[in-house]
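One structure below.
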Amino acid sequence: MGGALFVTLMRWLLPIALPTVFSPMPLFDTQFFFREPAWLFGGLMGVLCFVWYHGVMDDWYQWARGIDTPEHHEDKPGIEKYFGPSLDHKVIGIQYTVTALALLVIGGTFALIFRTELAASRLQFLTLEFRLFEQNGLQLYNSLMSLHGMIMIVSILLGVAAMMNYLVPLLIGAHDMAFPRLNAFSFWVAPPAAILLVSALILGGFDTGWTGYPPLSAKAPLGIDMFFLGVFTAGWSSILGSLNLIATTLRMRAKGMTAFRMPIFVWASIATSLIALTATQLIGLSFQLVAFQRVLHMGFFDPDKGGNPVLFQHLFWFYSHPAVYVFILPGLGIVSELLPVFARKPLFGYKWIAMSSLAIALVGFVVWAHHMFTSGMNEYLRVPFMYSTLLVAIPTGVKFFSWVATIWGGKIDTPTPMLFVLGAIVVFLLGGITGPPNATVSVDLHLHDTYYVVGHFHDTLFGGFVFPFFAALYFWFPKATGKRMNETLGKIHFWLMTPAFLTLSFGMMRIGLLGMRRRIADYDPALGFDNMHLVLTISGFLIALSILIFFYNLVISIKRGEPATGNLWNSRSPEWQVVSPMPAHNYDVPFEVVGEPYDYGLAGSKYIEFITPKKK
Amino acid sequence: MRHFVIVSILTAAMTYVIYVGLTSLGLMPVHASTQATSIDWLWDWQMRAMSFLFALIVAPMSYALVVFHRRKGETGEGQHFEGNYNLEIAWTVLPLFAVFAFAYMGAYSLGEVRRLDPNAMVIRVHAVQWNWTFEYPDYGFSSDVLHLPINRQIRLLMESTDVIHSFWVPEFRVKQDLVPGRVTELLITPDRLGAYRVRCAELCGISHSYMEDDVLVEETADFEEWALEQQAIAIEASKTPEGRGRILAATYCLGCHSITSTQLSGVAAPVWLGLFGKTETLQDGSSVVVDEAYLIESILNPLARIVHGFTPNMPQTFANTLSADQINDIIAFIKTLK
Ligand SMILES: [Cu+2]
Ligand SMILES: [Cu+2]
């Protein structure tokens, strides 16, 4: 086992590390600016070599040479298929899941490290004398804090891709995604992106936060190049993945599945993919421009050369605001998808919920400057951005009201997945209602760049992604493995994580309002925040503990979980009408949609019917 | 019907309890400017809205979870209803009014915060990594503590020479970034005596945490006295090179370099006390006697020779920002530090 793990690790690290490290080698002794482009180039080569080495592009290469390859490649049995370039969307979905969880652990560990430093004012162990990776304590604090942000974001993007990849073809009755090879490619660029991101820590780090604002990022150490490159590459994954998903839903739905008979999660996925497909380019572009400013000395954001630092912020947030809807819409889709199953009632206002996802996605494109109210952007433009931002509350409100109406009058059951769904609603609600104060310009002049904002967005991301993601894992785990996860451990996970997280986010907002700035390694003891920070650190560790319990549950359930091959949750959804684990090519017998997806409680109604071949 | 009555009462009670709870906690720091008054007024409305919205969702949800929970051994499905057109319209349109109301209040309050008094006193704020300097053009001196007279509007004109910083005194509420290449403006009318701190709110590099300075709001007479005193000192100082050098150094250098025997916390830069004439060990192991040529080189091209044990963090922009005379003044000042 240990040997196999080592071999896998090397198979993952070497193809990217060798080109990255060796292409700068000959230039090593020359001047600094000669080395930097070399590292960038090396990193890019590393990504390509990684993907090539794993055979992801083999079929394309063969086709280019005029050689035909089979439509399907049968996967190797057992665990081995997860380490190779499988074309099966379910395998890819699980690959995404595992990578997302791995990044969650890395990003979380970084947070625990700097959270520990924050437990008391003054510097305790990340001191000026402390040195690691060429950085002193303060620099390391900034690198860890910045990487925590971006690694978590990439983790969420991969988690989102995981859910959409695994679920959408099953929900619409497709045998796979529209472009299986593209799908594999989208996944296989993600691990090198993650490795590049983490390598930023070792290559000098960077001190800009995940937002990478110039001029600071134009002056940051080499680590920032690896950060840029990592984000850039992760962006390909998002763009191509969403393209694939849109094509799949448009073309491959089962017979009779009209737009308003699609499972609601599919609507959420479409809205998400539309954003990811059209906005991701902007973050890639803005980081690329800074990289060009660094290595080619172009002055896009350099005022001495006529550039404009605020322009960067516009480009950056034009992606990064819609991106938050990429993070949360699928999660909200999961909430809408699971509530009817556990309330045993139809989803209230299906069409409104479906449309609200699209509305959020669209409005999301015209609110970006609410991140810039103090930036020195045009004064008067702040007012229209306030209006548009507040408008997001309307479709979001529709979702909340519909959810409450969905469980009203039901026969509610609360196993672990439902607990996480309910947790998601409450936590996301907190994130939602703490948002408008940030949107109204004058109040935001106080709140901006404080821990209030930190608390607010941790609420939205936990409520909009983390809780629903866990709900989805507990819910569909039996579909993937034919076993169910341990209920008791699942409930412990929930009842430990939820209060700890609520304490964390309330505490953050509290000290933020009182004057705690974001992204500082040390705070003035005179502010009297020491006790609260200690509480926050303890909460952080409790969340980590609950996640450890989850992982333990995952491992023992895979090994010897209670078998669950049937319709465990008594769901109407098509994937539960066939045996678990899901057969390799999904539905051996295709199905036809004959009713509404969520007609729980309507006697004799059916959502789908399998098409039995007619006898002549 | 009974359900709805109970839930309405629950929602109202919950709203009330949350709002009273939040306000009694004292969520905001004391407010010390007229701008803060307008912001706190809007924040108070925000808290009402938050309390209500939280209760509006959580009260019925918790109630439903208790009342409609599946009893042990119970089977069967829930009631079958798929939607209600009127309800959907209602909860789309009513919040729309709330949105407009809040956006209007937001714009109104922004107007209050940005209202310029023609008699405002201008203070120029200079930020460099990781240091604030406040220049009083009416009096012709600079200070690294921000003294403000009470009840008079202050118009801060702010500039940064390196990266983005942000001016924020929590008690004044308002915040504004300082962006290289442009001048940004912030209006503050202090209305409460006391000592506060300006804290840089935009991540600006390693020692961002420590980019703080004192802010004192004083009676007009006290302020006037202090300002005239500083003015006299500045006039006196500007007659000698070392005096001018001290002023320049306070603006550009003393955020990192200390002129006492102890290094500043947070930033690692060599101490200036006793610098001139001493033998400095460099990063490559060689050593150099600190003379004028070495000082000039260190200022214009900090990367040329790096002091042993320090990270080369010194800004490389002084060749553009400082004239030769100014550099000579600074050196004259350094020479006095024995
Ligand atoms: Cu935003
Ligand atoms: Cu700062």
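The values are calculated or read from the model by the stated rules, or taken from the named source; none is laboratory data. Here the structure is a predicted model, which is why all the values come from computation and not from measurement. Virtual Cβ from ideal backbone geometry, glycine too; neighbours counted across all protein chains shown.
So if I check each of A:145, A:164, which one is more than 30 Å from residue A:337 (Cα to Cα), in a helix (DSSP H, G or I) and within 22 Å of the chain's Cα centre (by Cα)? Please lay out each step first, then the result.
On the way: A:164 fails: more than 30 Å from residue A:337 (Cα to Cα).
On inspection, the qualifying residue turns out to be A:145.
Identify, please: which residue in the range A:225-269 is of a type in the set (Val, Ile, Thr) and in contact (Cβ under 8 Å) with a residue 40 or more places away in the chain and is, among those, surrounded by the fewest Cβ atoms within 10 Å (Cβ to Cβ)?
A:258
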Within the range B:174-185, considering residues that are in contact (Cβ under 8 Å) with a residue 24 or more places away in the chain and of a type in the set (A, V, I, L, M, F, W, C), the one farthest from ligand 2 (Cβ to nearest atom): B:183
If residue A:133 passes every condition in (1) at negative phi; (2) out of contact with any strand residue (DSSP E or B) (no Cβ under 6 Å at 6 or more places or on another chain); (3) not polar (S, T, N, Q) but one, which one does it miss? (1)
Of (1) crowded, with 17+ Cβ neighbours inside 10 Å; (2) in a helix (DSSP H, G or I), residue B:256 satisfies every one except (2)
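Report yes if some residue within the range B:100-111 is modelled with pLDDT of 90 or more, out of contact with any Cys (no Cβ under 6 Å at 6 or more places or on another chain) and surrounded by fewer than 12 Cβ atoms within 10 Å (Cβ to Cβ); otherwise report no. Steps first, please.
Initially, the range B:100-111 is screened for residues modelled with pLDDT of 90 or more, giving B:100-111.
Narrowing further to those that are out of contact with any Cys (no Cβ under 6 Å at 6 or more places or on another chain): B:100-111.
Retained after the next criterion (residues that are surrounded by fewer than 12 Cβ atoms within 10 Å (Cβ to Cβ)): none.
Checked the range B:100-111: no residue is modelled with pLDDT of 90 or more, out of contact with any Cys (no Cβ under 6 Å at 6 or more places or on another chain) and surrounded by fewer than 12 Cβ atoms within 10 Å (Cβ to Cβ).
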Please tell me if residue A:387 is part of a loop (DSSP other than H, G, I, E, B), within 11 Å of another protein chain (Cβ to nearest Cβ), out of contact with any Phe, Trp or Tyr (no Cβ under 6 Å at 6 or more places or on another chain) and without any contact (Cβ under 8 Å) to a residue 40 or more places away in the chain. no
Which numbered condition residue A:338 misses (of (1) within 15 Å of ligand 1 (Cβ to nearest atom); (2) part of a helix (DSSP H, G or I)): (1)
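Filter the range B:116-129 down to the residues that are closer than 18 Å to residue B:183 by Cα and either in contact (Cβ under 8 Å) with a residue 60 or more places away in the chain or within 16 Å of ligand 2 (Cβ to nearest atom) (or both) and list them by number. Don't jump to the end; show me each part of the working.
The first filter runs over the range B:116-129 and keeps only residues closer than 18 Å to residue B:183 by Cα, leaving B:116, B:120-129.
Residues satisfying the conditions are B:116, B:120, B:125, B:126, B:127, B:128, B:129.
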Looking at the range B:90-101, can you tell me whether even one residue there is more than 11 Å from chain A (Cβ to nearest Cβ) and farther than 26 Å from residue A:423 by Cα? no
Restricting the range B:131-173 to residues that are facing another protein chain (nearest Cβ under 10 Å) and charged (D, E, K, R), the one nearest to ligand 2 (Cβ to nearest atom) turns out to be B:162
Any hit, the range A:465-488, residues being modelled with pLDDT of 95 or more, within 14 Å of chain B (Cβ to nearest Cβ) and in a helix (DSSP H, G or I): no
Exception for residue B:75 within (1) modelled with pLDDT under 90; (2) facing chain A (nearest Cβ under 7 Å) falls at (2)
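Answer yes if at least one residue in the range A:348-359 is under 26 Å from residue A:171 (Cα atoms), more than 11 Å from chain B (Cβ to nearest Cβ), in contact with a Leu (Cβ under 6 Å, 6 or more places away or on another chain) and surrounded by 23 or more Cβ atoms within 10 Å (Cβ to Cβ), and no otherwise. Working first, answer last.
Restricting attention to the range A:348-359, the residues satisfying the condition of being under 26 Å from residue A:171 (Cα atoms) are A:348-359.
Within this subset, residues satisfying the condition of being more than 11 Å from chain B (Cβ to nearest Cβ) are A:354, A:357-358.
Of the ones still in play, those that are also in contact with a Leu (Cβ under 6 Å, 6 or more places away or on another chain) are A:357.
Still in the running and surrounded by 23 or more Cβ atoms within 10 Å (Cβ to Cβ): A:357.
Checking the range A:348-359: at least one residue is under 26 Å from residue A:171 (Cα atoms), more than 11 Å from chain B (Cβ to nearest Cβ), in contact with a Leu (Cβ under 6 Å, 6 or more places away or on another chain) and surrounded by 23 or more Cβ atoms within 10 Å (Cβ to Cβ).
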On the basis of being under 30 Å from residue A:385 (Cβ atoms), more than 7 Å from every other protein chain (Cβ to nearest Cβ) and in a helix (DSSP H, G or I), does residue B:46 make the cut? no
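Does residue B:307 satisfy being in contact with a Ser or Thr (Cβ under 8 Å, 6 or more places away or on another chain) and surrounded by 14 or more Cβ atoms within 10 Å (Cβ to Cβ)?
Working: in contact with a Ser or Thr (Cβ under 8 Å, 6 or more places away or on another chain): yes; surrounded by 14 or more Cβ atoms within 10 Å (Cβ to Cβ): yes.
Criteria met by residue B:307.
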Residues of the range A:230-289 being small (Gly, Ala, Ser) and under 16 Å from residue A:327 (Cβ atoms), which ones? A:234, A:235, A:237, A:238, A:241, A:242, A:268, A:269, A:271, A:273, A:276, A:279
Report the residue count in the range A:364-384 for those that are buried (at least 20 other Cβ atoms within 10 Å of the Cβ) and outside any loop (DSSP other than H, G, I, E, B). 6
I want to confirm something. Restricting to the range A:367-426 and keeping residues that are of a type in the set (Ser, Thr, Tyr) and more than 15 Å from ligand 1 (Cβ to nearest atom), which single residue is farthest from the chain's Cα centre (by Cα)? A:380
Look at the range B:191-219 and say how many of its residues are within 10 Å of ligand 2 (Cβ to nearest atom) and of a type outside the set (A, V, I, L, M). 10
Only helices (runs of 4 or more DSSP H) wholly contained in the range B:275-338 count here; list those with 2 or more residues that are out of contact with any Cys (no Cβ under 9 Å at 6 or more places or on another chain) and farther than 23 Å from residue B:207 by Cβ. B:292-300, B:324-336
Give the number of residues within the range B:192-232 that are more than 8 Å from chain A (Cβ to nearest Cβ) and of a type outside the set (Val, Ile, Thr). 23
Tally time: how many residues in the range B:186-245 are assigned to a helix (DSSP H, G or I), of a type in the set (A, V, I, L, M) and without any contact (Cβ under 8 Å) to a residue 12 or more places away in the chain? 3
Anything in the range A:488-531 that is within 24 Å of residue A:445 (Cα to Cα) and of a type in the set (A, V, I, L, M)? List them, or say none. A:504, A:508, A:509, A:511, A:513, A:514, A:516, A:520, A:521, A:526, A:527
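Residue by residue through the range B:49-79, note down the ones that are among the aromatic types (Phe, Trp, Tyr) and either in a loop (DSSP other than H, G, I, E, B) or under 27 Å from the mean Cα position of the chain (by Cα) (or both). Give the derivation first.
Taking the range B:49-79 as the starting set, the residues that turn out to be among the aromatic types (Phe, Trp, Tyr) are B:52, B:54, B:63, B:68.
If the condition is that a residue be among the aromatic types (Phe, Trp, Tyr) and either in a loop (DSSP other than H, G, I, E, B) or under 27 Å from the mean Cα position of the chain (by Cα) (or both), then B:68 is the only one that fits.
Among the listed residues A:392, A:383, A:367, A:335, which satisfies the condition of being more than 16 Å from ligand 2 (Cβ to nearest atom), assigned by TED's automatic domain parsing to the domain that holds residue A:314, touching a Ser or Thr at 6+ places or on another chain (Cβ under 7 Å) and over 15 Å from residue B:87 (Cβ atoms)?
On the way: A:392 fails: touching a Ser or Thr at 6+ places or on another chain (Cβ under 7 Å); A:383 fails: touching a Ser or Thr at 6+ places or on another chain (Cβ under 7 Å); A:335 fails: touching a Ser or Thr at 6+ places or on another chain (Cβ under 7 Å).
Exactly one of A:392, A:383, A:367, A:335 is more than 16 Å from ligand 2 (Cβ to nearest atom), assigned by TED's automatic domain parsing to the domain that holds residue A:314, touching a Ser or Thr at 6+ places or on another chain (Cβ under 7 Å) and over 15 Å from residue B:87 (Cβ atoms), namely A:367.
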Kindly evaluate residue A:294 against the criterion of being more than 11 Å from every other protein chain (Cβ to nearest Cβ) and either on the phi > 0 side of the Ramachandran plot or among the basic types (Lys, Arg) (or both). yes
